[in-house]
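Structure first, then comments.
The values are calculated or read from the model by the stated rules, or taken from the named source; none is laboratory data. Everything numeric here is computed off the predicted structure, so don't read it as measured data. Cβ sites come from the backbone with ideal geometry, for glycine too, and all protein chains shown count toward neighbours. Side chains are part of the model used for accessible areas, which takes the heavy atoms of the whole protein and leaves out ligands, DNA and RNA. Shrake-Rupley method; radii C 1.70, N 1.55, O 1.52, S 1.80 Å.
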Amino acid sequence: MYQRWEYLMTDVAEAGGPIAQMGLAEASASPGETSVHVNAYRYIAEDVIRASPFLSKSGELIAYKNIKLKKSEPPEMIRQPILAEDQVFLIENFVPGAIKGHLTGAVTGSESSTDWMGDLRRV
């Protein structure tokens, strides 16, 4: 598809674990709530003021939700690298074909090359 290989890692013990954990945490949250799987919580625990544990039916701790974090300084802005014309071909194969079409203006009906950015869908 789009002149590239696509694959999905399905080995839950290896690459799929974090994706499965994300699904469990997401299922514990109601609309408007933030939730974090118990394994990811340890990375933010020192910045948490309040969090409600979410337990499975068997009583196992799955996630934390209703998380309130300490106020922190906004992250330093990252400057985008400016590529020379002769460098563009080096990264071209890493850009999905659908996105390439929007960036080059090949997609018809677009008013500008950034219209696709508003085309977000719930996954």
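Could you tell me what percent of the accessible area of the stretch 27-68 is made up of carbon and sulfur, with a 1.4 Å probe and every protein chain present? In the stretch 27-68, the share of accessible area belonging to carbon and sulfur is 51 percent. Working ranking of peptides 46-58, 71-83 by packing, defined as the average number of other Cβ atoms within 10 Å per residue, highest first, is 46-58, 71-83. In this structure, the amide hydrogen of THR34, modeled 1.01 Å from its nitrogen in the peptide plane, lies closer than 5 angstrom to those of ASN66, ILE67, counting only residues at least 5 positions away or on a different chain.
With θ taken as phi - 60° and the Karplus curve 6.51 cos²θ - 1.76 cosθ + 1.60 applied, the whole-hertz 3J(HN,Hα) list for the stretch 62-71 is 9, 7, 10, 9, 6, 7, 10, 9, 5, 5 Hz, x standing for glycine and proline. Count Lys and Arg as plus one, Asp and Glu as minus one, and take only other residues whose Cβ is under 11 Å from that of VAL48; the net charge is then +2.
Largest accessible area first, the residues PHE94, PHE89 order themselves as PHE94, PHE89 under a 1.4 Å probe with ligands, DNA and RNA left out.
For the stretch 28-77, a crude dipole built from +1 on the beta carbon of Lys and Arg and -1 on the beta carbon of Asp and Glu, taken about the Cα centre, is about 220 debye to the nearest 20.
The H on the amide N of VAL95, modeled in the peptide plane, is under 5 Å from the matching H of no residue at least 5 residues off or on a different chain. For ARG42 and MET77, a Förster radius of 25 Å and the Cβ-Cβ distance give a FRET efficiency of 0.35, rounded to the nearest 0.05.
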